[in-house]
Each structure stands twice: as C-alpha cells, then as structure tokens.
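Note sheet for the following structure.
The values are calculated or read from the model by the stated rules, or taken from the named source; none is laboratory data. What you see is a predicted model; the values in this text were computed from it and never measured. Glycine also receives a Cβ, built like all others from the backbone with ideal geometry; neighbour counts cover every protein chain displayed.
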Amino acid sequence: MDLRPPRTIQDIIDSIPSEGTKWNLLREVLLHGNLTAVDPTTPSSYSTSNFFGTSTLDTPHIIMESLMQPPLSHGQAAELILADIIKPPQGDAVYNIHPHISGDDKSQIAAKIMLNVSKPLKASETGQSLWNIRCPSLDTKYVDPKLVSEHLPTERCLRETTVTANVMPYGGIADLHHDVGYGLSTLVVGKKLWVWYPPTEENFDALSKIYESRGGYRERIFDHFRNLSNGVAFIQTQNMTVWVPPFCAHAVFTLQTSILTGREIYAKSKFPQRLASARVHLSWSRASSHGQKERKNEVSEVLDHLGQVLQTDDRVLHAETVKAWTIGHGTLKTMNGGLKNSLKDFMKVWSRYTADWTTCPFCEVPCGDDGVKRAFMRHFQEVHCK
C-alpha cells in the first residue's frame, strides 16, 4: 500500500468517490479553486508558505506524533465519547447536532450516528453529524505535541480548551470557516480532505462577504471557492493530527466515517490578529445565527484576553495590540450592542493596565511627563479610538 500523500490535485481527485452530487461539486473546487496539493508532513515545502506565514505555527500541516497516551483504538475512543454523552461528569451532555432539524430527538440522532462509526462508507440518512462533543474522558489522555511545548508554553497562552470530538458520517462536510485559536485535530478513525486558504487581506475581505451572503441549500464552499486564493489541499488519514492555524479559512470533507478529536489553544501573540480581524468574526457570527448571548460571551472573552495581554511586559505585543484596536474596535462596539457606552468595560481595562505608560508603544511618541498617571489614555482616546 502506498502511504505517501497525494502529490497533485489530480491525485486527490482520483482518491475521492466517483459518484454523487457533492463529490462532483468537490471536483469542481479542486480543479478550479486556486489550490495546490501539498505534502502536509513537510510544511516548509509548500510553494504558498509565504502566504500562510514564515513560522510552522502559521502553516496548516500534519504532526507526526501520537497525541493519545496511551494510544486508543477507534473502538476505545468511541466508547469514551459515548460514555460522556450518556453520563456527562457535570449536568447535561454537551454536544451539537448539525444541521439541526426541528422536532429532532437529540439523543436518538446521537445514538444513530455513534452506531455507524464502524461503517466507513455509511452516509447519514439526514446528513447530520455530531459536533463539539465535550470529552473530559479523552482530555486526560490527550498530550500536547513538541510544537506546543516548545513554542506555546503556558505563560504564552491565554487559555486551552477541553478536548472535544466531532463524529462525521461518510460525506459529511465542515463548511468554510475559520478558527480563532490554534487547533489540534486528531483523526481517531476515518479519512478527511482539508482545503485551506491563507489569512491574507484579500481572503479576509472575500471570507467576510461569503459569510454575509445568503445561505442556499448547499455549502458555501461550493458557491464561493473562486473568490479565495493561494489555497492548499491535503488528505488526513487515521491517527494523523492536523495543526490548525488561527484565521485560516478551511473546509473539511469526510471521505470515510470519522471521529475527529482535539482542542484549541489561544495564544497571546495572536490576540492582535483577533482584534484586527473582528469584522470577519462578526460576519461569521451573523452567518451562524448567533444571538445576543453568544455575542456577549465573545465580547467577554476578548475583554479577558485583552487584560492578560496588557499585563505582559512585551512592548512589541503592546504595540501590535494598540494598532489592532485602532482597526477593530468599531466592530467590537457593534458586537456589544452598538450603543454609546458599548466599549466602557474595554476602556476600564485599557486604563487599568496602562496607568504607568508615558509612551505609546505603537506611535512611539511621549504621551506625558514621567510619573504622570493615565498619560497614555489621553493619547489613546484621541488617536486610537476614533
């Protein structure tokens, strides 16, 4: 058996099912979607790597390490996931069924999906999948790879999520989206095709418009792939872990029924990008029909992370955060209701942690005499909050 990754887009096309409407649409994406097939085990070889960034952290790729300790078979992983669904440690089980259909018996749908895990080419009759299953039973067995321990130690992180799992029947699609944190996605069983686009300004503009477009009966990727550029594609097989960089638009196609597990890591270094790209995230939030509660939670998290970033001694990070705030604070105001005092809590955080700043780290201009409290805030409100 040839275990080497497909070397060309045609190789990938040859590996997907030959019949079915969605597979035909996927072939169109692969043929005309500004994509390059890459070897995901060697991200330095990507011809488009300069668009993703110069660091391995910024490039989607496969980590050649086992992150389950001890290693689990797909049957053992399925048992632990099912146990967390049936009897969660605290309160009700946490998972989503997508797409939601009115009148669904949530537990019955979940049971059907789990029972079909052992059938690699069994499609869901309703097209539904299990998403974001909170899995504390797997959390204790999931270890961080060297990439995380070496480049993202605890002191450089804002938070790390609990391990979750997605159970996707054959033919399932995770439509075009982006993540805010770094992600680890381990395929316990199955086979998936990942399509990626780098976080360039052009792709951000296109992605924002794609999110805001009226949804049809099929996934966004099929209608809008031509609007994105400099993408890469690769196939993930059993026991492989994909490194998911934040803010990279991607879609994932399930070639065999799969269990995907993983977690997200929010890095302090990426917080400015989250502020600056808030408009894209707002468009995604609207497309996902998030209500006031979800947006309020989003704003609360950004508020908390802002405080953590400003408490660091990293003046370069401070400068990037001031610049990003100048770009993105208007969107934050919209997310928080758009009222006159929508940014009041943010101003309190800025004021609290910049009380001793007498120079703007971004403008590099003095804001007042040494020892003058709140000198920076006067400058900040006049220059960076317009």
Checklist entry - Just wondering, is there one or more residues in the range 102-119 that are in the same structural domain as Q236 (by TED's automatic domain parsing), farther than 28 Å from D179 by Cα, at pLDDT 85 or above and part of a helix (DSSP H, G or I)? => result no
Checklist entry - What is the number of the single condition among (1) surrounded by fewer than 22 Cβ atoms within 10 Å (Cβ to Cβ); (2) closer than 20 Å to S285 by Cα that P145 does not meet? => result (2)
Next on the checklist: Take the residues in the range 255-276 that are of a type in the set (A, V, I, L, M) and in a strand (DSSP E or B); name whichever of them is farthest from L57 (Cα to Cα).
Outcome noted: L255
Checklist entry - closer than 25 Å to A287 by Cα, aromatic (F, W, Y) and surrounded by 20 or more Cβ atoms within 10 Å (Cβ to Cβ) - does that describe any residue in the range 212-220? => result no
Checklist outcome for this item: Counting only residues that are assigned to a loop (DSSP other than H, G, I, E, B), more than 21 Å from Y266 (Cα to Cα) and under 16 Å from the mean Cα position of the chain (by Cα), the range 218-254 contains a total of 0
Next on the checklist: Cβ-Cβ under 7 Å, sequence separation 6+ or interchain: first residue in the range 268-285 and under 22 Å from H151 (Cβ atoms), partner among the acidic types (D, E) and in a helix (DSSP H, G or I). Which pairs?
Outcome noted: P272/E320
Checklist entry - If only one of G262, G231, G181 is under 23 Å from P145 (Cα atoms) and either in contact with a Pro (Cβ under 8 Å, 6 or more places away or on another chain) or of a type in the set (F, W, Y) (or both), which one is it? => result G181
Checklist entry - Any chance the range 157-170 includes a residue that's in contact with a helix residue (DSSP H, G or I) (Cβ under 6 Å, 6 or more places away or on another chain) and under 26 Å from L317 (Cβ atoms)? => result yes
Checklist outcome for this item: A careful count of residues in the range 200-220 that are within 13 Å of D175 (Cα to Cα) and at pLDDT below 90 gives 4
Item to check | Inter-residue pairs, beta-carbon under 7 Å, first more than 20 Å from W23 (Cβ to Cβ) and in the range 212-237, second among the charged types (D, E, K, R), 6+ apart | outcome: E212/R286; S229/E202
Checklist entry - Do any residues in the range 153-180 that are part of a strand (DSSP E or B) have Cβ atoms under 7 Å from those of residues that are acidic (D, E), where the two are at least six apart or on different chains, and which pairs are they? => result I173/E219; D175/E219
